[in-house]
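Structure first, commentary second.
The values are calculated or read from the model by the stated rules, or taken from the named source; none is laboratory data. Remember, it's a predicted structure, so these values are computed and weren't measured experimentally. A quick note on method: Cβ atoms are made from the backbone with ideal geometry, for glycine too, and the neighbour counts reach across all protein chains shown. Just so you know, the surface numbers come from the protein's heavy atoms only, side chains and all, with ligands and any DNA or RNA stripped out. Shrake-Rupley method; radii C 1.70, N 1.55, O 1.52, S 1.80 Å.
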Protein chains: 2
Amino acid sequence: MNFADRLVAACAAKDSVVCVGIDPRLDAIPAELLQSAIRDQGETPEAAASAVLEFSKRVIDVTAEDAVAVKPQVAFFERLGPAGMQAYHDVIGHAHARGLLVISDIKRSDIGSTAEAYADGHLGSIVIGSKVVFPWRTDAVTVSPYLGSDGLRPFIREAMRHQGGVFALVKTSNPSSVELQDLKVDGRPIYERVAAWLAEHAPDLMGDSGYSSLGAVVGVTFPQELERLRAMMPRNILLIPGYGAQGGTAADAAPAFNDDGLGAIVNASRSVIFAYGGSNVTGDWGRAVAVAARKMREELNRVRK
Amino acid sequence: MNFADRLVAACAAKDSVVCVGIDPRLDAIPAELLQSAIRDQGETPEAAASAVLEFSKRVIDVTAEDAVAVKPQVAFFERLGPAGMQAYHDVIGHAHARGLLVISDIKRSDIGSTAEAYADGHLGSIVIGSKVVFPWRTDAVTVSPYLGSDGLRPFIREAMRHQGGVFALVKTSNPSSVELQDLKVDGRPIYERVAAWLAEHAPDLMGDSGYSSLGAVVGVTFPQELERLRAMMPRNILLIPGYGAQGGTAADAAPAFNDDGLGAIVNASRSVIFAYGGSNVTGDWGRAVAVAARKMREELNRVRK
């Protein structure tokens, strides 16, 4: 089933547009998780990866009722070396087991034949001898547009083959996104050029829901731009980062939704997954995470219909 | 020692500006390597990763005399799942053991606090309990500028701490690089904006050689742009992809070099590492790879002084 359709169905079934960002920063996860892993495996990347995996699984478990998707940020796994990448792989499997869609925040891009390798591995399959293997098996990925369309097309092709989704960076949530993305070409910012391309190619991955699995990343930290980009890309699913720790509020996110209350999911990472406070927390830290996800869901539901 | 200084010293010692791109495409490496790995490990990602590692190590061994650096393209390792990432890690170690500099072609970028995680992991170190660990320990990375300077600065900071290098994408070698990179803002293409930023920040990573470890990726497939970008960024090391299979020649690469014959390294992947022809090759396929690297070195030496 088409990724956008699966996402829309999950939003309806759970009455939610929440995406939980799995950004397991080693210095912010409960310290007792790392200490316990070190007791078993020593002060090794394997111990760090185990702690990060345990943390991520628990976050997934306690937010699965309120979230439609999780967005693992691969940087926080990659930071731990090969063992971290195994943990990242296992996080995807765990989220699937809990019925969540997985959007891998990889922001990859490269020339066409290399982009194909990324696309195969993350969204699709590879052939080894006579066997077909799905190396990462995620549902959707984020991609960067700096290399132009031949860096994006391989991801779209793989998404077509495997009912996946592709979210291209349009207007990112960070302060310096203005430096390149807002430069004006013939009176129009670069990010609108990217948006126009995505709107034009939305039909390539259109679902029965009327939404396309070719999505766009638009930061909630720029609400005016968000409103305009929603209008420019009415059928592309928007992935909206920047909620919570980066300063974005539910009111800021409101323009992301169409009149049907759909068309976007909002991601929070730090404000939800570290809702328990400092890493010296003990006891049932998952409770605070669950509460934060529930609160986010309710706040967003108030503004979207 | 500063990365640019190490690179300049290697260019002088080996009389070479060759960078060999380690792009181990599973369907292009000698089939007997994969068959042998499958006999030992079954039709698994682990077997594929072993074959790719064996291939990469042999390529490194036979080109180490003629190349100053290798550029592993992480996509072809990442495509194989977690086992592929372990192979990528081991390739870096092998290249170092052969005295080569390693430029990891990762094209990463993200918002500041996430870019830090990539930068720590690839260029720097992480702390696990009381231990300092270097997860990937490469010499330099490629990064994408779409998110602006706060996505680049963490890489520059880590490069400063650990004598690393950072190559930002300026003008990539693929045909559709024109779509975004060539858009004109106030009469000047976007890629020149990026180049101007890199030239301005070159002093941050300046070496005693007069070259900066803050480098730029400029495709050899656009020789006119290359000439202008060389002039705009006189002290930034240029990493020039697109040689060989993508159509670039030594004559096209000539404008990349300063009057001292330095300031750039040229990368070839397919035309060197697959110089033996089809994957059905048997016997000493490494010989053809060595010959291709030697030929490339000589061709480039003729145009750079």
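Looking at segment A:94-173, the strands (runs of 3 or more DSSP E) lying wholly inside it that each contain 1 or more residues that are closer than 24 Å to A:Lys57 by Cα and open to solvent by less than 10 Å² (accessible area, probe 1.4 Å) sit at A:101-108, A:140-143, A:165-171. Scanning segment A:233-262 for residues that are open to solvent by 30 Å² or more (accessible area, probe 1.4 Å) and touching a residue at least 60 places away in the same chain (Cβ under 8 Å) yields A:Gln246, A:Leu262. The set of residues in segment B:114-128 that are under 26 Å from A:Ala115 (Cβ atoms) and either at the interface with chain A (Cβ under 7 Å from one of its Cβ atoms) or polar (S, T, N, Q) (or both) comprises B:Thr114, B:Ala117, B:Tyr118, B:Asp120, B:Gly121. When each of B:Ala231, B:Ala216, B:Ala195 is tested for being in a helix (DSSP H, G or I), in contact with a Leu (Cβ under 9 Å, 6 or more places away or on another chain) and more than 10 Å from every other protein chain (Cβ to nearest Cβ), the lone residue that passes is B:Ala195.
Of all residues in segment B:57-75, exactly one satisfies the criterion of being open to solvent by 10 Å² or more (accessible area, probe 1.4 Å), hydrophobic (A, V, I, L, M, F, W, C) and touching a Lys or Arg at 6+ places or on another chain (Cβ under 7 Å), namely B:Ala64.
For segment A:202-224, the criterion of being of a type in the set (D, E, K, R) and more than 19 Å from the chain's Cα centre (by Cα) is met by at least one residue. Pairs are defined by a Cβ separation below 7 Å, a sequence spacing of at least 6 or placement on different chains, a first member in segment A:193-222 that is touching a residue at least 40 places away in the same chain (Cβ under 8 Å) and at negative phi, and a second member that is of a type in the set (Ser, Thr, Tyr) and surrounded by fewer than 24 Cβ atoms within 10 Å (Cβ to Cβ); the pairs so defined are A:Trp197/A:Ser149; A:Gly219/A:Ser173; A:Val220/A:Ser173; A:Thr221/A:Ser173. Flag: B:Asp23 does not match the condition of being in contact (Cβ under 8 Å) with a residue 60 or more places away in the chain, open to solvent by less than 20 Å² (accessible area, probe 1.4 Å), more than 10 Å from chain A (Cβ to nearest Cβ) and in contact with a Phe, Trp or Tyr (Cβ under 9 Å, 6 or more places away or on another chain).
The numbered conditions (1) at pLDDT 95 or above; (2) open to solvent by less than 40 Å² (accessible area, probe 1.4 Å); (3) within 13 Å of chain A (Cβ to nearest Cβ) are all true for B:His89 except (2). With respect to the stated conditions, A:Leu226 is assigned to a helix (DSSP H, G or I), closer than 21 Å to B:Gly112 by Cβ and in contact (Cβ under 8 Å) with a residue 40 or more places away in the chain.
So, of the residues in segment A:184-198 that are surrounded by fewer than 18 Cβ atoms within 10 Å (Cβ to Cβ) and aliphatic (A, V, I, L, M), which turns out to be modelled with the lowest pLDDT? If we take residues in segment A:184-198 being surrounded by fewer than 18 Cβ atoms within 10 Å (Cβ to Cβ) and aliphatic (A, V, I, L, M), then A:Val185 is modelled with the lowest pLDDT. Contact annotation: residue pairs with Cβ atoms under 6 Å, 6 or more positions apart or on different chains, pairing a residue in segment A:34-49 that is within 9 Å of chain B (Cβ to nearest Cβ) with a partner that is surrounded by fewer than 19 Cβ atoms within 10 Å (Cβ to Cβ), are A:Ile38/B:Gly129; A:Glu43/B:Gly129; A:Glu43/B:Lys131; A:Pro45/B:Val133; A:Ala47/A:Gln41. Checked against (1) open to solvent by 10 Å² or more (accessible area, probe 1.4 Å); (2) closer than 25 Å to A:Gly112 by Cα; (3) at pLDDT 95 or above, B:Ser209 passes all but condition (2).
Of all residues in segment B:129-157, those satisfying the criterion of being within 7 Å of another protein chain (Cβ to nearest Cβ), over 22 Å from B:Asn236 (Cα atoms) and of a type outside the set (Val, Ile, Thr) are B:Gly129, B:Ser130, B:Lys131, B:Pro135, B:Trp136. Counting the residues of segment B:266-291 that are open to solvent by less than 50 Å² (accessible area, probe 1.4 Å), free of Cβ contacts under 8 Å to residues at least 24 places away in the same chain and in a helix (DSSP H, G or I) gives 1. Sort out which residues of segment B:158-170 are within 16 Å of the chain's Cα centre (by Cα) and either of a type in the set (A, V, I, L, M) or within 12 Å of another protein chain (Cβ to nearest Cβ) (or both), and write them in order of number. Scanning segment B:158-170 gives B:Ala159, B:Val166, B:Ala168, B:Leu169, B:Val170.
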